[in-house]
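*Asks:* After the structure tokens below, expect a handful of questions from me.
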């Protein structure tokens, strides 16, 4: 984890130095990355703790609508719609992963579980950091994300489950291209 964070920090520092026109040697950039990694790691942990401590408790009423003809069981709860195939075991890896995301991530607005090893996941991230978290969690490189209309689409995996991710409203978040590039969410432009 620290090595990965250090490498990502090095890449961001290199990009920032280039964008700001700073004349730093590769050794200076490496040293900055090594020196800053523990501080950045601590900041990320503090941010995660602060975020977890301030999450409100959501209360909601569940509405269930089995649709046996279509072979799908639909549940709506706290603004999240869940669709699961009637022939899918509720203890299957995909069903458990979808449940874990729904119960722990407020960004999730829909889950579709048609099989025991596949989840369709729709999220509405509230920030670039949240979108970056989804990409990292599902092992999706930013280059493989497709933008179309008001959504971003990609395929990743988590716990041996294929996850088709849809990020609702992500193109609007990526409108701040400088911030998105610094976070590695947009490909760097090569000078022409």
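A short reminder: the numbers here are calculations on the coordinates, not readings from a lab. Every value quoted in this text rests on a predicted model; they were computed, and no experiment measured them. Backbone-built Cβ (ideal geometry, glycine too); neighbour counts: all protein chains shown.
*Asks:* Among 126, 132, which comes first, then next, by fewest other beta-carbon atoms within 10 Å?
*Replies:* Values: 126 12, 132 16.
Going from least to most buried by this count: 126, 132.
*Asks:* Could you line up 165, 90, 97 from fewest to most neighbouring Cβ atoms inside 10 Å?
*Replies:* Listed from fewest to most nearby Cβ atoms, that is 90, 97, 165.
*Asks:* Arranged by the count of other C-beta atoms within 10 angstrom, fewest first, what order do 108, 34 take?
*Replies:* Values: 108 22, 34 12.
Fewest to most other Cβ atoms nearby, the residues stand as 34, 108.
*Asks:* Evaluate the distance, in nm, between pseudo-label points positioned 7 Å from the Cα of residue 77 and of residue 44 along their respective Cα→Cβ axes.
*Replies:* Reported label-point gap for residue 77 and residue 44 is 3.0 nm.
*Asks:* Cα-based Rg of the range 63-179 per 2.2 N^0.38 Å, rounded to two decimals?
*Replies:* 1.07
*Asks:* Restricting to the range 102-179, compute how many DSSP beta bridges are antiparallel as a %, nearest 5.
*Replies:* Percent antiparallel among DSSP bridges in the range 102-179 is about 75.
*Asks:* Follow-up question, since we're still on this one. Could you tell me the calculated FRET efficiency between residue 143 and residue 15, based on Cβ-Cβ distance and R0 = 25 angstrom, to the nearest 0.05?
*Replies:* Rounded to the nearest 0.05, the efficiency is 0.95.
*Asks:* Figure the gain on full extension for residue 159 and residue 126 (residue separation times 0.36 nm, minus the Cα-Cα span) and round it to one decimal in nm.
*Replies:* Result: 9.4 nm gained on full extension.
*Asks:* Still on this structure, I have one more. Can you list, largest first and rounded to whole Å, the semi-axes you get for the range 2-55 by taking the square root of 5 times each eigenvalue of its Cα gyration tensor? Write down the numbers at each step before the final one.
*Replies:* Values: eigenvalues 140, 29, 12 Å².
So the equivalent ellipsoid measures 26, 12, 8 Å along its semi-axes.
*Asks:* Be a star and scan the range 115-158 for residues whose amide nitrogen sits under 14 Å from the point 7 Å along the Cα-to-Cβ vector of residue 100.
*Replies:* 117-119, 137-139, 157-158, by backbone N distance to the label point.
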